[in-house]
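The values are calculated or read from the model by the stated rules, or taken from the named source; none is laboratory data. Bear in mind that the values here come from a model prediction, so they are computed numbers and not experimental data. With ideal geometry, Cβ positions are generated from the backbone for all residues, glycine too; neighbour counts draw on all protein chains shown.
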Amino acid sequence: MEKKRIILDTSAYSAFLRGDPAVKLSLQQADEIFLNPVILGELLAGFMIGRSEKKNRAILQEFLASPRVKTIDIDDETSERYAVIINYLRAKGTPIPTNDLWIAASAMQYGLKVLTTDSHYLRVPQIVTEYY
């Protein structure tokens, strides 16, 4: 059986923390969960403007400590994928936020399914999206 490998979009991580049952189940069923520096940066920025930064950082550290959770780098190959995706979306007239382009590029590069609550990932045919 094929492993379930996902990249966890910031929106899905937030939904998980809020107890969203579909996102929670998807994470429980995942064999490997990936985050990249963009996702981590978005999470940390959100924590800084919230009232529970210390608590949220501790929860994230515990999440990242799971053997199923890994961080992946953004490199030259990711940049190539980013360029392919952004040019495709520009030609279609359907842009998505820049940070989400980088997340999609990582998903494309590593063959990961994007777990998200943001429907705009569905405009990116170069990736597989699990949208809730």
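Per the listing 47, 63, the residue uniquely under 25 Å from residue 120 (Cα atoms), aromatic (Phe, Trp, Tyr) and out of contact with any Ser or Thr (no Cβ under 7 Å at 6 or more places or on another chain) is 47.
Cβ separations smaller than 7 Å between residues 6+ apart or across chains give the following pairs from the stretch 89-104 residues that are among the acidic types (Asp, Glu) to residues that are in a loop (DSSP other than H, G, I, E, B): 100/118. The residues of the stretch 87-104 that are in contact with a helix residue (DSSP H, G or I) (Cβ under 6 Å, 6 or more places away or on another chain) and assigned to a loop (DSSP other than H, G, I, E, B), listed by number, are 94, 95, 96.
Which ones in the stretch 1-55 are part of a helix (DSSP H, G or I), of a type in the set (Val, Ile, Thr) and either under 12 Å from residue 130 (Cβ atoms) or modelled with pLDDT under 95 (or both)? Selection gives 23 alone. For residue 59, state whether it is in a helix (DSSP H, G or I), modelled with pLDDT of 95 or more and within 16 Å of residue 15 (Cβ to Cβ). Criteria met by residue 59.
Only a single item in (1) more than 24 Å from residue 2 (Cβ to Cβ); (2) under 11 Å from the mean Cα position of the chain (by Cα); (3) of a type in the set (Lys, Arg) is not met by residue 113, and it is number (1).
Looking at this structure, is residue 12 touching a Phe, Trp or Tyr at 6+ places or on another chain (Cβ under 8 Å) and touching a residue at least 24 places away in the same chain (Cβ under 8 Å)? Yes: the conditions hold for residue 12.
Would you pick out the residues in the stretch 71-130 that are surrounded by fewer than 16 Cβ atoms within 10 Å (Cβ to Cβ), in contact with a strand residue (DSSP E or B) (Cβ under 7 Å, 6 or more places away or on another chain) and not small (Gly, Ala, Ser)? Selection gives 71, 122, 128.
Pairs are defined by a Cβ separation below 6 Å, a sequence spacing of at least 6 or placement on different chains, a first member in the stretch 115-132 that is over 16 Å from residue 97 (Cα atoms), and a second member that is among the basic types (Lys, Arg); the pairs so defined are 128/113; 130/113.
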